[in-house]
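The block underneath contains the structure these notes are about, expressed in structure tokens.
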Amino acid sequence: MSLQSLTISGLRNIASLQLVLAPRTNIFSGPNGSGKTSILEAVHLLSLARSFRTSKYKHYIRHEEPHCTLFGRVAAPEGGVLPVGVQRDQGGTLKVRIAGETVESLATLAELLPVQLINADTFALLEGSPGVRRQFMDWGGFHLEPRFFSAWKATRRALKQRNSLLKYGKLEPSVRAAWDAQLVARAEELDGYRTRYIEALIPCFERLLAELVELEGLRLQYYRGWDRNRPLDQVLAEGLERDRAQGFTQQGPQRADLRVKVGGVAAAEILSRGQQKLVVSALKVAQGYLLKELMGRHCIYLIDDLPAELDAQHRQRLCMLLERMNTQVLVTCTDASAFAGCWSNDTDVQEFPIRDGKLANNPVNGSKE
Ligand SMILES: Nc1ncnc2c1ncn2[C@@H]1O[C@H](COP(=O)(O)OP(=O)(O)OP(=O)(O)O)[C@@H](O)[C@H]1O
Ligand SMILES: [Mg+2]
């Protein structure tokens, strides 16, 4: 998958902008506040119908505009091009169209255009709550295992039901048993997908990380959310009184985590900022490599302020890994010279200087106003 073109209207400081993207490397450079991150935000919105900067759509719709519209031409895996459009208006209404058809399920959109984001917030993968890492693992499950999404949704539904019975209901043993059986079956299925995904991810991640930086003793460890030696039905039965007192289920796949440790200590506690950035980049790049190796599909990399925290040598190594993946990359920086020598000569690199939400000095990709 790659985006051949992207049209943005009414997003932040971008009134209207049309970009013809290179199939590989696209660099957006410009001063602070010029609109570079907004361009990555546009691709994210086109892929997931949500921003990575805010959950409030009013904040990203350009002031005084009735709506924000993103339109892209996506090179489809089986050949050909699919037009994709996403529009959000000030009232919150969302319209998604793929190839002229209205799409109701956002999963269809996410499946079509997988994106990976690397920005300052991706440090949360190391220092944030387990929920951030579950989201990371589940990206892999979603894109690599067709049955994942239904197991994930069914687990969430059964868990919600169990929690509301714990909190408000009189928990009849037979009702509890029925919900527990449902939860256990789908949770074990979900755990199986997560386990298989992480088993495939670990060697790929370790190989890529070793190419980026030497970090002796760094390990990834999957925790499924309950004791590895006891079946979930037993864990739920034994924990029932505590669950009832707390009003929610304490153990289960909703507590799963992917622990990143160096010599047994949480990586966020001891690694430098630059080392942390390399670890999270290797994790995200490994996901793209696996998607390509196992499914023959590509994802688009959105990397905000790529030079931040990385010295020239590590910047170059990361660019080399991205280049080798042969995937589309959109990076931002304040000064494009930060990438001098980072890309090989035969890579098609398209530079987009951005000023005030428009393209500066570019007659081919000129903004349409
Ligand atoms: N809803 C909005 N309507 C109009 N302008 C907005 C809106 N939200 C944000 N802006 C402005 O849009 C601009 C785009 O910001 P963006 O974060 O894309 O810049 P940037 O080029 O990534 O800057 P930096 O180098 O500082 O990261 C900013 O000047 C911001 O003040
Ligand atoms: Mg920015």
Check on residue 74, modelled with pLDDT of 95 or more, in contact with a His (Cβ under 7 Å, 6 or more places away or on another chain) and within 23 Å of residue 2 (Cα to Cα): no
Any hit, region 131-142, residues being of a type in the set (Asp, Glu) and more than 13 Å from the chain's Cα centre (by Cα): no
Test: residue in region 47-55 that is closer than 24 Å to residue 121 by Cα, out of contact with any strand residue (DSSP E or B) (no Cβ under 8 Å at 6 or more places or on another chain) and open to solvent by less than 50 Å² (accessible area, probe 1.4 Å): yes
Pair list, Cβ under 9 Å, 6 or more apart: region 31-47 residue touching a residue at least 12 places away in the same chain (Cβ under 8 Å), other residue among the polar types (S, T, N, Q) and within 8 Å of ligand 2 (Cβ to nearest atom): 36/332; 37/332; 39/332; 40/332
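It is to be established whether one or more residues within region 298-313 are in a helix (DSSP H, G or I) and away from ligand 2 (no atom under 16 Å from the Cβ). Before the answer, list the steps.
Quick first cut of region 298-313, residues in a helix (DSSP H, G or I) only: 312-313.
Checking which are away from ligand 2 (no atom under 16 Å from the Cβ) leaves us with 312-313.
Yes, region 298-313 contains a residue that is in a helix (DSSP H, G or I) and away from ligand 2 (no atom under 16 Å from the Cβ).
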Checking residue 339 against (1) surrounded by fewer than 18 Cβ atoms within 10 Å (Cβ to Cβ); (2) within 16 Å of ligand 1 (Cβ to nearest atom), the condition it does not meet: (1)
Condition check for residue 65: at pLDDT 95 or above, of a type in the set (Asp, Glu) and buried (at least 17 other Cβ atoms within 10 Å of the Cβ): no
Candidate set: region 48-68, residues that are free of Cβ contacts under 8 Å to residues at least 40 places away in the same chain, part of a loop (DSSP other than H, G, I, E, B) and among the basic types (Lys, Arg); chosen: the one farthest from ligand 1 (Cβ to nearest atom): 50
Evaluation of residue 322 against (1) farther than 21 Å from residue 20 by Cα; (2) open to solvent by less than 60 Å² (accessible area, probe 1.4 Å) (one fails), failing number: (1)
Residue list for region 157-177, filter: without any contact (Cβ under 8 Å) to a residue 12 or more places away in the chain, open to solvent by 60 Å² or more (accessible area, probe 1.4 Å) and not in a loop (DSSP other than H, G, I, E, B): 157, 160, 173, 174
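Quick one: which of 333, 319 is of a type outside the set (Ser, Thr, Tyr), within 16 Å of ligand 1 (Cβ to nearest atom), in contact (Cβ under 8 Å) with a residue 24 or more places away in the chain and touching a helix residue (DSSP H, G or I) at 6+ places or on another chain (Cβ under 8 Å)? Break it down into steps so the answer makes sense when it comes.
Details: 319 fails: within 16 Å of ligand 1 (Cβ to nearest atom).
Answer to the check: 333.
Is region 30-37 home to any residue that is within 16 Å of ligand 2 (Cβ to nearest atom), of a type in the set (Lys, Arg) and either modelled with pLDDT of 95 or more or at positive phi (or both)?
If we filter region 30-37 for residues that are within 16 Å of ligand 2 (Cβ to nearest atom), which is where we start, we get 30-37.
Then keep just the ones that are of a type in the set (Lys, Arg); that gives 36.
So of that shortlist, the ones also either modelled with pLDDT of 95 or more or at positive phi (or both) come out as 36.
Yes: region 30-37 contains one or more residues that are within 16 Å of ligand 2 (Cβ to nearest atom), of a type in the set (Lys, Arg) and either modelled with pLDDT of 95 or more or at positive phi (or both).
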Residue 328 vs. criteria surrounded by 17 or more Cβ atoms within 10 Å (Cβ to Cβ) and in contact with a His (Cβ under 9 Å, 6 or more places away or on another chain): yes
Search result, residues across region 1-26 that are closer than 19 Å to residue 303 by Cβ, assigned to a strand (DSSP E or B) and open to solvent by 10 Å² or more (accessible area, probe 1.4 Å): 2
In region 249-295, the residues that are modelled with pLDDT under 95 and assigned to a loop (DSSP other than H, G, I, E, B): 263, 264
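The values are calculated or read from the model by the stated rules, or taken from the named source; none is laboratory data. Predicted model, so just to flag it, every value in this text is computed and none were measured. When we count neighbours, we look across all protein chains shown, and the Cβ atoms used for this are built from the backbone with ideal geometry, even at glycine. Each accessible area value is taken on the protein alone, full model and side chains, heavy atoms only, with ligands, DNA and RNA left out. Shrake-Rupley method; radii C 1.70, N 1.55, O 1.52, S 1.80 Å.
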